[in-house]
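Asker: This is the structure, below, for whatever I ask next.
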Amino acid sequence: MRAIVVTDQAAGTAGMTLAERPEPQGAALAGLSGANYGDVVVQVHASGFTGDELSWPSTWVDRLGRDRTPSIPGHEVAGVVTALSYGTTGLSVGQRVFGLTDWVRDGTLAEYVAVEARNLAPLPGDVDFTEGAALVMSGLTAWQGLFEHGRLRAGQTVLVHGAAGVVGSMATQLAREAGAYVIGTGRAAGRQTALDFGAQEFVDLENDALEEIGRVDLVFDVLGGDIAMRSARLIRAGGTLVTITGPTEARPAQGLAVDFVVVPDRAQLSEIVRRARDGRVRTNIGEVATLDDAVAAFNPTERVNGKTIIRVRP
């Protein structure tokens with residue numbers, strides 16, 4: 001199969017190539033030997049990636065710290081199940097699915113990927129594969145940040161940083177849909193986009209005074225650093241700062257600070273895609289490229305506003 005591979009951490013994107021790799025063996029999955037229990041093989045139709053994946057240790061080594069190159073990046077997938085491992089339940093061959101693959105295994109910038117069945121959810125037939133792939137990372141990250149870690153409730157006020165971005169725009173929509181009042185932040189150029197996605201106010205972080213917004217119940221942070229520190233001071237007693245930028249020194253005086261890494265969740269994916277079908281949330285796609293152009297898409301020369309999706313099959 002064709003796949004994007006990386007072999008040299010020092011080379012970064014310069015060492016990324018489109019190459020031939022062995023396909024995941026569907027026949028091996030059907031038996032007890034040589035298979036990971038609970039895996040399925042997915043024919044990839046659309047794939048998503050995170051721009052800093054080449055800095056992740058999991059791109060280069062497995063859980064035991066062993067070199068796993070050449071490795072295939074990309075961990076968001078929408079496609080069709082082509083094979084099931086022994087004992088797999090809940091999915092069937094020919095079923096349309098979408099989901100998030102394991103960080104320490106070969107990813108989705110390929111024609112096929114082996115993934116744990118529990119990491120996938122059914123993708124309804126009226127949702128395009130491109131949209132399905134774009135819902136995965138943004139949807140799960142926003143959902144888990146707001147509802148699992150942030151314990152968002154109707155009537156609360158949420159400060160969403162990067163509200164015009166891929167994750168921030170999804171967090172804005174889910175928070176509004178849950179009955180929260182949403183204040184978005186970002187660059188001035190993102191004001192209208194953030195408002196279009198549902199933010200009720202917008203703060204230009206370069207020109208407006210963040211501290212003038214008053215108190216909030218929850219901060220959804222994608223920026224970290226000084227912005228996170230300043231935001232922590234705005235949180236009401238009992239509130240929460242949730243960040244996806246890693247461990248933070250920012251601490252609300254009378255609240256919680258939580259940093260988290262997104263995890264796969266079938267039930268949450270099903271809730272997210274149901275909202276997409278109902279028109280309650282929409283994706284923020286900036287570019288769609290082919291697998292032939294995936295290396296260039298991974299390392300763009302200009303800023304892309306929105307999610308880049310690799311359409312592996314037409």
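Asker: Taking the Cβ of each residue in His161, His149 as the centre, tally the other Cβ atoms inside 10 Å and list the residues starting with the fewest.
Answerer: Result, fewest neighbours first: His149, His161.
Asker: How would Val93, Val312 line up from fewest to most surrounding beta-carbon atoms within 10 angstrom?
Answerer: Fewest-to-most Cβ neighbours within 10 Å comes out as Val93, Val312.
Asker: Kindly provide log₁₀ I(q)/I(0) values, in the same order as q = 0.16 Å⁻¹, from the Debye equation applied to equal alpha-carbon scatterers of region 186-314.
Answerer: -1.10
Asker: Could you please rank Arg105, Arg251, placing first whichever residue has the fewest other Cβ atoms within 10 Å of its Cβ?
Answerer: Arg251, Arg105
Asker: Suppose we take every Cα in region 138-259 and form the convex hull; what volume per residue is that in Å³?
Answerer: Considering the Cα atoms of region 138-259, their hull volume per residue is 83 Å³.
Asker: What shape does region 1-136 have by the C-alpha gyration tensor, where a ≥ b ≥ c are the square roots of the eigenvalues, rounded means a/c under 1.5, and otherwise prolate means a/b greater than b/c and oblate the rest?
Answerer: Oblate, since a/c reaches 1.5 and b/c is not below a/b.
Asker: Same structure, new question: Let me have the 222 nm mean residue ellipticity of the chain computed from DSSP H runs of 4+ only, each contributing -39500 (n - 2.57), with the sum over all residues rounded to the nearest 500.
Answerer: -5500 deg cm²/dmol
Asker: How far is helix 129-143 tilted, in degrees, relative to the longest principal axis of the Cα atoms in the chain, given as a value from 0 to 90 rounded to the nearest 10?
Answerer: Once rounded, one gets 50 degrees.
Asker: Also, quick follow-up: Could you tell me how many degrees, from 0 to 90 and to the nearest 10, lie between the Cα long axis of helix 266-278 and the main elongation axis, the longest principal axis, of the Cα atoms of the chain?
Answerer: The angle comes out at about 70 degrees.
Asker: Follow-up question, since we're still on this one. If I stretch the segment between Ala11 and Leu195 completely, what's the gain in nm (0.36 nm per residue apart, minus their alpha carbon distance), one decimal?
Answerer: Difference between extended and current length: 62.3 nm.
Asker: Taking 0.36 nm per intervening residue step and subtracting the Cα-Cα distance, what contour gain separates Arg66 from Thr290 on full extension?
Answerer: Extra length available between Arg66 and Thr290 comes to 77.5 nm.
Asker: For Glu212 and Val93 in the same chain, what is the full-extension length gain: residue separation times 0.36 nm, less their Cα-Cα distance, in nm?
Answerer: Full extension from Glu212 to Val93 adds 37.4 nm.
Asker: Kindly express, to the nearest 10 degrees and within the range 0 to 90, the angle between helix 166-177's C-alpha long axis and the longest C-alpha principal axis of the chain.
Answerer: Between helix and principal axis, roughly 60 degrees.
Asker: Any idea what % of Cα-Cα pairs in the chain are farther than 29 Å?
Answerer: Counting every Cα pair in the chain, those more than 29 Å apart make up 38 percent.
Where a number appears in this text, it was derived from the coordinates with a stated rule and is not lab data. Just so we're clear, the structure is a prediction, and the values are computed from it rather than from any experiment. As a convention, Cβ positions derive from the backbone with ideal geometry for all residues, glycine included, and neighbour counts pool all protein chains shown.
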